[in-house]
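Some notes on the structure that comes next.
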């Protein structure tokens, strides 16, 4: 069985969520670790800045790694997926279950800026990695 997509036809077994979810979870775990450990070693403002810088860097690197190995989904879909999962897990697990408050979503530096930057970094890195991969294939041919 195969799946037809505008980018081509793929064996059904080639499109699996596990690599995508592993890359997303690694990024989310790094960001969560920064927010969990940061306040113990620096001020909350410093922690938020580190988180806002490190999150996009980490997700950009993971996106580059992901798209160097896998072709699906498109970078825009991956960026939306990474950020959507981060928002969903932050809402359900962090805000509702752990903090029992939605206060974290009131902080642009704590949530909205990192979410936006993670989206941009994931999209840019995914697009660049795909472009590089396409150029490498063209050279080989």
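Read the figures in this text as sums done on the coordinates, not as results from a lab. Please read these numbers as outputs of a predicted model, since none were measured by experiment. For neighbour counting, all protein chains shown are included, and Cβ atoms are generated from backbone atoms with ideal geometry for every residue, glycine included.
Some notes on this structure:
- Shape class of segment 50-89 from the alpha-carbon gyration tensor: oblate, with a/c at 1.5 or above and b/c at least as large as a/b.
- Contact order relative to length of segment 17-140, as percent, for alpha carbon pairs under 8 angstrom and 6 or more apart: 36 percent
- Cα gyration tensor, segment 17-140 - rounded (a/c under 1.5), prolate or oblate: prolate
- Ranked by the mean number of other Cβ atoms within 10 Å of their residues, highest first, the peptides 122-132, 106-116 fall in the order 122-132, 106-116.
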